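Enquirer: There's a structure below that I have some questions on.
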Amino acid sequence: MTAQTSHTLRHFSLELDKHSIAWLRLDMVHSPVNRLSAQVMDELDHVLDDLSAKPPAGLVIYSGKDSGFIAGADIDEFAALDTPDKSLALVARGWKLFERLAKVSYPTLALIDGHCIGGGLELALACRYRLVVKHDGTRLSLPEVRLGIFPGWGGMKRLPRLIGPALALDLMLTGRSIDATRAVKIGLADALVPGRLALKAAGDHVVSGAAPRRATGLKKWLNHPRLKPLVARQVNKSISQKDPHHHYPATRAILDMWLRHDGRALDSPDQIASLTQSATTRNLLRVFYLQERLKQFGRQAGRSGIHHVHVVGAGAMGGDIAAWCALKGLRVTLQDLDRKHIAAAQGRAATLFKRRLRTQRKTQAALDRLIPDPDGHGAAHADLVIECIVEDLQAKQALYRDIEPRLKDGAVLATNTSSLSLNDLSAGLQRPERFIGIHFFNPVAAMPLVEVIQLPDQDSAVQQTALGFVQELGKLPLPVQNNPGFLINAVLAPYMVEAMRCVDEGISPATVDLAMEQFGMPMGPIELADTVGLDIVRDAGNQLGLDHTLPACLHTRLEQEHYGRKTGQGFYEWQQGKAIKGAAATPPEGLDNRLLQPLVDKATECVRTGVVADDDLADAGLIFGTGFAPFTGGPLTWQRRREYAAM
């Protein structure tokens, strides 16, 4: 029956069953997901008021949303915090509320079905018990560090006590998520339950009297004040390896709050103020909103209707695109003239599937979805055909002449070209309106961005299909207009060429790369060129009209057929996928600005000429497509700040 409350509830509903168990259902109005807004937090506080007057036998908190449990705090409210006092008040509100929840006299349980993120997990941690529903959508994480902040509502205190500090700090410092099975395995959740039995299991468990989970053995003792410094030293080494130039202060702040204050953020008000009001946090918030904008392109497009993908070309890109599609549940046929290329692609796919899917059953199912098809029979049945062969206009057009007549009605033909004009590629097609560019980046599994290239006469439904398809793959779709190099390669080419000119002038490749690593890039431009492939860099340069000015050091390596990582030798020697670099000298002053100026200039030109719609999409593309230092907010944001500082 519906429980009587002293306050009107908009986002919650409270029912009391015949066993006196209170069932608190969160279904945030006017929102596709549950978020811990100020209103939601106030209502939860009022519910606890009412329950304290007449305590139930137990309290189960669960979601009324199909999308998941709770997607964290309200980011818009956080973004509006413009003073240290407001930031401190927001942290205090959540801390005090969840402390109150943790101390109630009756047992509490969070029933987690779907995503449980940030403040949502902190709420669950404040409950005595946690049950997770068994399906692929159940994921738990504390990703605050990715916004430049910290789990300030009790996560830093409770998670180390529950699963041990080493694993807890790893989750908090990376923001990575874990699935339902792993949550139970590490002790974060009490049990894994099937969806059809979830409510019954929650009702039984909350009144079971079972002892709440706690870290035991060494995991428990590593939380002891005398042993904490040992943990902190090891964790600090890892932080220093990942962020040697201190661009992301939140990681060190989280470690410090755990070490000195046992995770009580309110005991460190100066750190709250410095982090929440910092330029880094503001820029990382901007990156979050940019990511949401890219996701929205896919959401608005709706379901793609693509179930079978046929990939032509089983090289590094084609094989890995095919593997990713199979990983995401699609039926994939993979065509190549050389069966050895297909076999190699299957081998890489098996490694990917084992790492991502973990269980033998899921891994085998994904392998079964990736079907060798050397003769290309799958093209006639596919919803989408993706061409990934050599970057040669005549070769691609010859393939299209062969394959287009065999496509079924409604099928989409796509190219993964990185440098050729879609106008030229589509010149001989019978139905050019069904042709589109879907440009993935290397390595496919790691790079989140995919460019979706539009043509003026393209069928709008084809573009929507492509955007939806990219979204369904878990990637970020970026609509761009046809242009030499599109956005990413058009911007990277002059950047890498400028880096190679520095090598021609006598600066070592390692020193050039160090300058940009110190700036905050995940890798320098020379290592990036080796990773992309020096032949691809040449092709992009040719398309951009840079062929007559390509640096001598690039010509030399191309003549030697040293194309970088894929051949084992480029500017660096490559062993087991890693570049072997010599010692770097101290970069000359201003080298980072010199290297970045061609990139910024080209990005500005791409906005001005309409390759992308605006500065925000240019920044988004370069952050998610190249790894441009996220803490800067993107290259055009960085440039505006430089210009403002120079005024």
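The numbers here are math on the coordinates, done by the rules we state, and not lab data. Because the structure is a prediction, the values reported are computed rather than measured. Cβ coordinates were reconstructed from backbone atoms using ideal geometry, including for glycine residues, and neighbour counts include every protein chain displayed.
Enquirer: Have a look at the DSSP beta bridges in the range 438-499 and tell me what percent are antiparallel, nearest 5.
Expert: Details: 2 of 8 bridges.
In the range 438-499, approximately 25 percent of DSSP beta bridges are antiparallel ones.
Enquirer: Could you please report the charge total around Asp170, scoring K, R as +1 and D, E as -1 over all other residues with beta-carbon less than 12 angstrom from its beta-carbon? Let's see the in-between values first.
Expert: Values: positive: Arg176, Lys242; negative: none.
So the surrounding residues net to +2.
Enquirer: Sort His245, His308 so that the residue with the fewest other Cβ atoms within 10 Å of its own Cβ comes first and the one with the most comes last. Numbers along the way, then the final one.
Expert: Working: His245 10, His308 20.
Ranking His245, His308 by Cβ neighbours within 10 Å, fewest first, gives His245, His308.
Enquirer: Still on this structure, please answer the following. Just to confirm a number: summing +1 for Lys and Arg and -1 for Asp and Glu over residues other than Lys157 whose beta-carbon lies under 10 angstrom from that of Lys157, what do you get?
Expert: Details: positive: Arg158, Arg161, Arg264; negative: Glu99, Glu122, Asp262.
Counting the neighbours of Lys157, the net charge comes to 0.
Enquirer: Translational diffusion coefficient of the range 573-647 at 20 °C, 1.002 mPa s, Stokes-Einstein with Kirkwood Rh over Cα pairs, in µm²/s as a whole number.
Expert: Values: Rh = 14.3 Å.
Diffusion coefficient, whole number: 150 µm²/s.
Enquirer: What FRET efficiency do you get for Arg431 and Glu605 if R0 is 45 Å and r is their Cβ-Cβ distance, rounded to the nearest 0.05? The partial results should precede the final answer.
Expert: Details: r = 32 Å, r/R0 = 0.72.
With a Förster radius of 45 Å, E is 0.90.
Enquirer: Another question about this same structure. Of Cys127, Ser421, Asn283, which is farthest along the charge dipole of the chain in the positive direction, counting Lys and Arg as +1 and Asp and Glu as -1 at C-beta?
Expert: It is Cys127.
Enquirer: Return the inverse of the average 1/r over all pairs of distinct C-alpha atoms in the range 120-240, which is the Kirkwood hydrodynamic radius, in Å to one decimal.
Expert: Values: mean 1/r = 0.0656 Å⁻¹.
For the range 120-240, inverting the mean 1/r across all distinct Cα pairs yields 15.2 Å.
Enquirer: Considering only His115, Gly590, Leu222, whose Cα is most displaced toward the positive end of the charge dipole of the chain, charges sitting on Cβ of Lys, Arg (+1) and Asp, Glu (-1)?
Expert: Final value for the positive-end residue is Leu222.
Enquirer: While we're on this one: Which whole-Hz ³J(HN,Hα) couplings does the range 159-171 yield from phi under the Karplus relation 6.51 cos²θ - 1.76 cosθ + 1.60, θ = phi - 60°, glycine and proline marked x?
Expert: Karplus values, whole Hz, x for Gly and Pro: 5, x, 5, 7, 10, x, x, 5, 5, 4, 5, 4, 5.
Enquirer: Please compute the modelled spin-label separation between Gln576 and His377, points set 7 Å along Cα→Cβ, answer in nm with one decimal.
Expert: 4.1 nm
Enquirer: Give the order of Phe12, Phe486 when sorted by the count of other beta carbons within 10 angstrom, beginning with the fewest. Show your work: numbers first, answer last.
Expert: Details: Phe12 19, Phe486 29.
Placing the least packed residue first, the sequence is Phe12, Phe486.
Enquirer: Another question about this same structure. Please state, rounded to one decimal and in Å, the Kirkwood hydrodynamic radius that the range 488-646 gives when every pair of distinct Cα atoms enters the mean of 1/r. Don't skip to the end; give the middle numbers.
Expert: Working: mean 1/r = 0.0629 Å⁻¹.
Its Kirkwood hydrodynamic radius stands at 15.9 Å.
Enquirer: Assuming R0 = 35 Å, can you tell me the calculated FRET efficiency for the pair Arg641 and Asp338, based on Cβ-Cβ distance, to the nearest 0.05? Intermediate values should be presented prior to the final figure.
Expert: Values: r = 50 Å, r/R0 = 1.42.
The calculated FRET efficiency here is 0.10.
Enquirer: Then there is this: Ordered by residue, what ³J(HN,Hα) values in Hz, to whole numbers, does the range 249-260 give under the Karplus form 6.51 cos²θ - 1.76 cosθ + 1.60, where θ = phi - 60° and Gly and Pro are x?
Expert: x, 4, 4, 5, 5, 4, 4, 5, 5, 5, 5, 8
Enquirer: Just going by the charge dipole of the range 327-412, with Lys and Arg at +1 and Asp and Glu at -1 on Cβ, which of Ala349, Leu393, Pro374 is farthest out on the positive end?
Expert: Result: Ala349.
Enquirer: Using Cβ counts within 10 Å as a stand-in for footprinting exposure, how do Thr280, Thr333, Thr359 rank, fewest first?
Expert: On the way: Thr280 20, Thr333 24, Thr359 11.
Starting with the residue having the fewest Cβ neighbours, the order is Thr359, Thr280, Thr333.
Enquirer: Please give me the summed charge of the neighbours of Pro598: other residues whose Cβ is under 14 Å from its Cβ, Lys and Arg +1, Asp and Glu -1. Mind dumping the intermediate values first?
Expert: Values: positive: Arg501, Arg594, Lys602; negative: Glu498, Asp592, Asp601, Glu605.
So the environment of Pro598 carries a net charge of -1.
Enquirer: Further, regarding this structure: With +1 on each Lys and Arg Cβ and -1 on each Asp and Glu Cβ, and nothing else charged, work out how big the dipole of the chain is about its Cα centre, in Debye to the nearest 20. Could you put the intermediate results ahead of the total?
Expert: Working: 74 positive and 70 negative charges, 664 e Å.
Computed charge dipole of the chain: roughly 3180 debye.
Enquirer: Separate question: For Thr351 paired with Lys185, estimate the spin-label separation in nm (one decimal), with each label point 7 Å from Cα along the Cα-to-Cβ line.
Expert: 2.1 nm
Enquirer: On to the next question. Give me the one-decimal Kirkwood hydrodynamic radius in Å for the range 349-495, with the sum taken over alpha-carbon pairs.
Expert: Values: mean 1/r = 0.0608 Å⁻¹.
Result for the range 349-495, one decimal place: 16.5 Å.
Enquirer: On to the next question. In the structure shown, do any of Lys157/Lys185; Lys185/Lys475; Lys328/Lys354 have a Cα-Cα gap over 23 Å, and if so which? All intermediate terms of the calculation are to be shown ahead of the outcome.
Expert: Values: Lys157/Lys185 20 Å; Lys185/Lys475 29 Å; Lys328/Lys354 14 Å.
Violating the 23 Å Cα-Cα cut-off are Lys185/Lys475.
Enquirer: Using a simple charge model, +1 on the beta-carbon of Lys and Arg, -1 on the beta-carbon of Asp and Glu, nothing else, what dipole does the range 12-277 show about its Cα centre, in debye to the nearest 20? Can you show the working numbers first?
Expert: On the way: 35 positive and 28 negative charges, 287 e Å.
Dipole of the range 12-277, to the nearest 20 debye: 1380 debye.
Enquirer: Further question: If the chain between His246 and His19 were fully stretched, how many nm would it gain, using 0.36 nm times the residue separation less the Cα-Cα distance? Mind dumping the intermediate values first?
Expert: Values: separation 227, 0.36 × 227 = 81.72 nm, distance 5.43 nm.
Gain on extension, His246 to His19, equals 76.3 nm.
Enquirer: With both partners inside the chain, how many of the DSSP beta bridges are antiparallel, as a percent to the nearest 5?
Expert: Taking every DSSP beta bridge within the chain, about 25 percent pair in antiparallel fashion.
Enquirer: I would also like to ask the following. At a threshold of 8 angstrom on Cα-Cα distance, excluding pairs fewer than six apart, so keeping six or more, what relative contact order does the range 298-481 reach in percent?
Expert: Working: 372 pairs, mean separation 46.2, N = 184.
Here the relative contact order equals 25 percent.
Enquirer: Determine ³J(HN,Hα), in whole Hz, for all residues of the range 583-593 in sequence, where each value follows from phi through the Karplus function 6.51 cos²θ - 1.76 cosθ + 1.60 and θ = phi - 60°; x replaces Gly and Pro.
Expert: Rounded to whole hertz, the list is 5, 9, 7, 5, x, x, 4, x, 5, 4, 5.
Enquirer: For the range 207-280 and the range 426-481, write down the distance between their C-alpha centroids in whole Å.
Expert: 42 Å
Enquirer: Near the amide H of Arg139, under 5 Å away, which other amide H atoms are found, from residues 5 or more places off or on another chain, if H is placed in the peptide plane?
Expert: Placed amide hydrogens put Gly114, His115, Cys116 under 5 Å from Arg139.
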